[in-house]
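The values are calculated or read from the model by the stated rules, or taken from the named source; none is laboratory data. Just so it is clear, the model here is predicted, and its values are computed rather than measured. Heads up, the Cβs are rebuilt from the backbone with ideal geometry, glycines too, and the neighbour counts pull from every protein chain shown.
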């Protein structure tokens, strides 16, 4: 803090026009603004640069410091909703305990796809599928917990651009697959049609008249740690919609002075809520802070928080979107 005070004093002595009338708080918050903008750039690069409209999606925050920046980053990106998992500060470690197990087997091929060559390709896929199924079973993944994805790496003859095309998904307990995961005759994987669809979607045209070459075959087995996923934020919200209620002020641990982005600036009595004390269906309004042993979540003025079983849903426009349909925004 002494260095910030010295910097503020030096700028004042030099009479920098851009710093006239600014307080020490403004100067310090400027560093946070730079950090927020720096974090926004890769998000834009991974979304807007690829044609996704950010304002139609939900921002998911993780990491010990994620909750401190999430609201301001969402505002910069034009996003209105934020999801913060209860264990977001240790999400990498927590996620490892929940993650599915994946096994991949791949072989080179180099053949054209046709009615004559397809049976041989399917036979090779079946052989890899059998190997992957047995490896999953040896690790305790069987029945509906074992999923198979079969791919052909395809390209137009004479071109260098190959697309990995996914065939139909297979399950270890499905009636359409054998004990080793072999495809039955009534379940056909139309790779050629899917390749043409994916290629036209990617490039806007097809190279009619050219043969389609298969460079590789790949089988990916997924051992699901859990048979079903938890409810999405939208599903969870629908389940508790009729039981939403303000969190009792008695749960506030203490009040503290917090500086927010202008025009709110410093709020001397910002309530601090312990995350562990908040119950499903309770709501609270910003400005506020939510804390636990490993994270601090900053709620900006005007935002609303809904406490759900797995996460916190933050609405930057208060009640906007509470009664909206799930299709109104996409989760990402």
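The number of residues in region 99-123 being closer than 19 Å to residue 228 by Cβ and either surrounded by 17 or more Cβ atoms within 10 Å (Cβ to Cβ) or under 15 Å from the mean Cα position of the chain (by Cα) (or both) comes to 1. Go through the residues of region 83-98 one by one and say whether even a single one is touching a residue at least 40 places away in the same chain (Cβ under 8 Å) and more than 30 Å from residue 69 (Cα to Cα). No, region 83-98 has no match at all.
Quick one: count up the residues across region 260-279 that are surrounded by fewer than 17 Cβ atoms within 10 Å (Cβ to Cβ) and either in contact with a strand residue (DSSP E or B) (Cβ under 6 Å, 6 or more places away or on another chain) or not in a loop (DSSP other than H, G, I, E, B) (or both).
7
Consider residue 200 carefully, then state whether it is within 30 Å of residue 58 (Cα to Cα), touching a helix residue (DSSP H, G or I) at 6+ places or on another chain (Cβ under 9 Å) and at pLDDT below 95. No, not satisfied.
Kindly evaluate residue 191 against the criterion of being modelled with pLDDT of 90 or more, more than 30 Å from residue 136 (Cβ to Cβ), assigned by TED's automatic domain parsing to the domain that holds residue 145 and crowded, with 17+ Cβ neighbours inside 10 Å.
Values: modelled with pLDDT of 90 or more: yes; more than 30 Å from residue 136 (Cβ to Cβ): no; assigned by TED's automatic domain parsing to the domain that holds residue 145: yes; crowded, with 17+ Cβ neighbours inside 10 Å: yes.
It is false that residue 191 is modelled with pLDDT of 90 or more, more than 30 Å from residue 136 (Cβ to Cβ), assigned by TED's automatic domain parsing to the domain that holds residue 145 and crowded, with 17+ Cβ neighbours inside 10 Å.
Residue 48 passes every criterion in (1) free of Cβ contacts under 8 Å to residues at least 12 places away in the same chain; (2) surrounded by fewer than 12 Cβ atoms within 10 Å (Cβ to Cβ) apart from (2).
Selection of region 205-247 for residues being in contact (Cβ under 8 Å) with a residue 60 or more places away in the chain and part of a strand (DSSP E or B) yields 212, 213, 214, 215, 216, 217, 218, 219, 220, 221, 222, 223.
Residues in region 28-36: is at least one out of contact with any helix residue (DSSP H, G or I) (no Cβ under 7 Å at 6 or more places or on another chain) and not in a helix (DSSP H, G or I)? No: zero hits. The residue that is nearest to the chain's Cα centre (by Cα), counting only those in region 75-98 that are over 22 Å from residue 223 (Cβ atoms) and part of a helix (DSSP H, G or I), is 88. Would you be able to say whether some residue in region 210-223 is at pLDDT below 90 and surrounded by 12 or more Cβ atoms within 10 Å (Cβ to Cβ)? Checked region 210-223: at least one residue is at pLDDT below 90 and surrounded by 12 or more Cβ atoms within 10 Å (Cβ to Cβ).
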